[in-house]
Structures are given as structure tokens and as C-alpha cells.
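Novice: Supplied in C-alpha cells, the structure appears directly below.
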Amino acid sequence: KKITVTVIKADVGGFVGHTSVHPELLEKARGVLSGSPLLIDFHVTSVGDDINLIMTHELGRNNGEIHKLAWDTFVACTEVAKKLKLYGAGQDLLADAFSGNIKGLGPGVAEMEVEERESEPIVIFMADKTEPGAWNLPLYKIFADPFNTIGLVIDPKMHCGFTFEVRDLIENKKIMFNAPEDIYDMLVFIGAPGRYAIKRIFHRETGQIAAVSSVQRLNLIAGRYIGKDDPVCIVRCQSGYPAVGEVLEPFAHPHLVSGWMRGSHSGPLMPVSLKDARPSRFDGPPRVVALGFQLADGKLIGPQDLFDDPAFDRAREMANLIADYLRRLGPFEPHRLHLDEMEYTTMPMVMQKLKDRFIDLRLAKAQKAQKEKGGA
Ligand code: F6R
Ligand code: MG
Ligand code: MG
């Protein structure tokens, strides 16, 4: 029997500002999901201002009924958010009505269908104030870097390596890379996480799914800024897949991701427990939570709040140091993102205002030369 794990997330109103989700919304979401006969099990949680619906069922990926259930849940939560006048109520619901598949309508989706193994440990990562490409570096380390994942070297069931499906988010294309032999080619692309993002990873020997992320760019869908599309990612662990500890290890070194204040800054991704997933300093720095579950015939046994571990204290300290350092740069790059990566900009407005004060130096030089020639 095949079990599908579906994680769908949306920001339908922040409490306070963009920092977190009001408990009444989570209650509402639990209420709606518990009334559904479609699900085997579910878990509702929040990271920053995003509600995460973690659901298990037997209906497969891209199932219209499951997606509609998530959509209806977010619509119900939006009503509560409006009543409480929460900030940005309904902001991620970009369509007026549900139409078959929730992809492209605003919420982020990551789904995997698995033949449940003898024991099926999974880790669900959820981040706030960043973008799907934020998973590129950790996924590369987990599934392709032997300095992170010793299993790639010494576990006979993992020694074959993994296949990466990479998406071009601008041209909407995909390409497969095999690790280890294609890693130099692959890194040319995934090193640019604003454009290329890892969507899925497969075990090379069995062809089975190993990881999946929620890759889509909200700003491209809407054609205007409506919030960074804070991503989620599901990873299978153990016996042939990376161990839980190998899966968590990349987050011990906070890497820089795009997002943070106004979706327009570079900042460290800080691994935190659920209780610390309320980004407040300069609306950040970006956070990531890791919840572990054991699947048992589709039941979600858990969660285990995996970054609630003093062994990640140093990563948090380092993230704070990096944040202090970057904040001193204020509006300068590379803290502030490059012009085409910024989600907010006043550039066209300011440019319009100042256009007559700009002097074209080439033109001025040519005019001067003309005048001198005329005088001679
Ligand atoms: C970043 C984010 C926040 C907002 C910021 C301004 O992803 O959500 O940093 O961009 O709080 O919000 P508005 O423009 O809604 O006042
Ligand atoms: Mg928000
Ligand atoms: Mg968010």
C-alpha cells in the first residue's frame, strides 16, 4: 500500500506583523482537517507567519480533493484572520476560487508517495523569510557531499549516489543530474538558488524518492511582489537514505539565503525549535524548523522537534554573529540583495523623479568636441 505525504503551506495572516501565526488560525485548521474522511492522519503547525498542513493519505500526489481540502482550510483560516484583523489576511491565496490543483494558486506544496518501509523515518523542514532555493546547499550536502554524509562512503546501500531533479524557475524547465559524476555541472546551476532549485532527489539504485521540496516562485505567479515563498522540504531517512543526523548536519553551519526583511536581503538561515520560530529581528533572520516523524501505516508518529537540541546552539550563535555583521551594511549589497532580486524597490519611481538631473557624459563630451571644432 502506498502512502502519500503532502505538506501544503500558506501565509494567510500574520500575528503580529509577519512574525507568527495566531493560535486561533491553527485551531481552525485542525478543526477543518479533522472533519475530513480523506486523510489517514495530519499535523498542523506554524513556522513564522506560515501555516503548515502536514497530511497523509492514499490518494497520490496532485490529488484534487486533497489540494481542495488544503485550499478550503486556508480559506477558513483567512476568515478568522480577517475577523482578528491580522496582518495580510489571505495574502497567499492568489486566486479567487480553487481550480483543480493548488499549484500556482499561491500556497507552497511538497508531496511524496512512498511504499512505506519496515520503518519509515522522515524529516520535514519548514523555513520562513526565505525562498525554495534555500534548500539547494543543504540538499547538496546531504545527498552528494561525503564530508557531510559519511554514508555515501561507507554504507553499501548509499554508495551508488543520488539523482537530482533541478528546476529552472524562470524558464520553467527541468534537468536531471547524477551525483557524484555530474556534480561539477550541477553546481554551476544550483549555486544560483534564486533561479535554479532542487525539486526532487531519487535513490539511484532503487529509483525511489528520497526528498522533495516546494519549488515555485510566488512573485512570478502573481507577477508582482506578494511575499517570499517560504519553502518546505520532505526528506526520507535511514537504511539506504541519509541518517537523521546526516540530514540535519548541514544546518549546523548557517548559510546565507535570500529573504529576510522585505524579501530583499541576504541573511543566515538559523535552525530553531518551534518555540523560537518567530522571526522578529529585522523581520528575521530567516528560520528553519525540522520536525521528525515515523510513519506507521500512514499515521504520523511525532513530531520530534529536531533543532531543539543544544548541539545547534553554536549554529544559532553563529547566525546571530552573521546577522550583526550584515546588519551593519544597512542598505548596501551584499546584505541588501542585487537589484533584480529585490522584492521591494523604489528604483523606477526615484529614477523617474531624477531623470532630468542625470547628465549623459558621452553626449556632453561629444557636444564639447563639436563646440571646440566649431570655434577652431
Ligand atoms: C519578508 C516579510 C516582511 C515584510 C515587511 C514589510 O518576507 O514578510 O519582512 O516584507 O514586514 O511588510 P509590509 O510591506 O506588508 O508592510
Ligand atoms: Mg507574511
Ligand atoms: Mg512567511
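Novice: Step by step: first the residues of the range 295-316, then only those that are touching a Lys or Arg at 6+ places or on another chain (Cβ under 9 Å) and not in a loop (DSSP other than H, G, I, E, B), then the one that is surrounded by the most Cβ atoms within 10 Å (Cβ to Cβ). Which residue is that?
Specialist: 295
Novice: Then there is this: Considering only the range 129-136, I want to know if a residue exists there that is modelled with pLDDT of 95 or more and surrounded by fewer than 22 Cβ atoms within 10 Å (Cβ to Cβ).
Specialist: No, the range 129-136 contains no residue that is modelled with pLDDT of 95 or more and surrounded by fewer than 22 Cβ atoms within 10 Å (Cβ to Cβ).
Novice: Kindly provide the set of residues from the range 80-100 that are surrounded by 12 or more Cβ atoms within 10 Å (Cβ to Cβ) and over 20 Å from the mean Cα position of the chain (by Cα), ordered by number.
Specialist: So the first thing to find is which residues in the range 80-100 are surrounded by 12 or more Cβ atoms within 10 Å (Cβ to Cβ), and the list is 80-82, 84, 86-95, 98-99.
Across the range 80-100, the qualifying residues are 80, 81, 82, 84, 86, 87, 89, 95, 98, 99.
Novice: With 251, 282 as the choices, which residue is of a type in the set (Phe, Trp, Tyr) and surrounded by 19 or more Cβ atoms within 10 Å (Cβ to Cβ)?
Specialist: Only one candidate passes the filter, namely 251.
Novice: Considering the range 119-158 alone, what residues qualify as being of a type outside the set (A, V, I, L, M, F, W, C), over 30 Å from residue 52 (Cα atoms) and touching a helix residue (DSSP H, G or I) at 6+ places or on another chain (Cβ under 7 Å)?
Specialist: Matches in the range 119-158: 146, 151.
Novice: Kindly provide the set of residues from the range 334-348 that are closer than 13 Å to residue 258 by Cα, at pLDDT 90 or above and loosely packed, with under 13 Cβ neighbours inside 10 Å, ordered by number.
Specialist: 334, 338
Novice: Going through the range 207-224 one residue at a time, which ones are within 13 Å of ligand 3 (Cβ to nearest atom) and either touching a Ser or Thr at 6+ places or on another chain (Cβ under 9 Å) or modelled with pLDDT of 60 or more (or both)?
Specialist: 214
Novice: Let me ask something additional. Taking the range 143-197, which residues are more than 21 Å from the chain's Cα centre (by Cα) and of a type in the set (Ser, Thr, Tyr)?
Specialist: Correct list: 149, 184.
Novice: Please find, within the range 247-267, the residue that is nearest to ligand 2 (Cβ to nearest atom) out of those that are under 20 Å from residue 145 (Cα atoms) and outside any loop (DSSP other than H, G, I, E, B).
Specialist: Filtering the range 247-267 for residues under 20 Å from residue 145 (Cα atoms) gives 247-257.
Still in the running and outside any loop (DSSP other than H, G, I, E, B): 247-252, 256-257.
Working: 247: 27, 248: 26, 249: 30, 250: 26, 251: 23, 252: 28, 256: 21, 257: 16 Å.
Here the residue is 257.
Novice: Determine, yes or no, whether residue 108 is small (Gly, Ala, Ser), under 26 Å from residue 63 (Cα atoms), within 16 Å of ligand 1 (Cβ to nearest atom) and at pLDDT below 95.
Specialist: yes
Novice: Quick check, is residue 319 of a type in the set (A, V, I, L, M), surrounded by 20 or more Cβ atoms within 10 Å (Cβ to Cβ) and farther than 20 Å from residue 14 by Cα?
Specialist: Taking the combined requirement at face value, the residue satisfies it.
Novice: Where in the range 105-205 are there strands (runs of 3 or more DSSP E), lying wholly inside it, with at least 2 residues that are in contact with an Asp or Glu (Cβ under 8 Å, 6 or more places away or on another chain) and in contact (Cβ under 8 Å) with a residue 40 or more places away in the chain?
Specialist: 108-115, 120-128, 196-203
Novice: Identify all residues within the range 268-288 that are in contact (Cβ under 8 Å) with a residue 60 or more places away in the chain and within 16 Å of ligand 2 (Cβ to nearest atom); write none if there are none.
Specialist: 277, 278, 279, 280, 283, 284, 285, 286, 287
The values are calculated or read from the model by the stated rules, or taken from the named source; none is laboratory data. These figures come from a predicted structure and were not determined experimentally. Because the Cβ atoms are built from the backbone with ideal geometry, glycine has one as well, and the counts that use them run over all protein chains shown.
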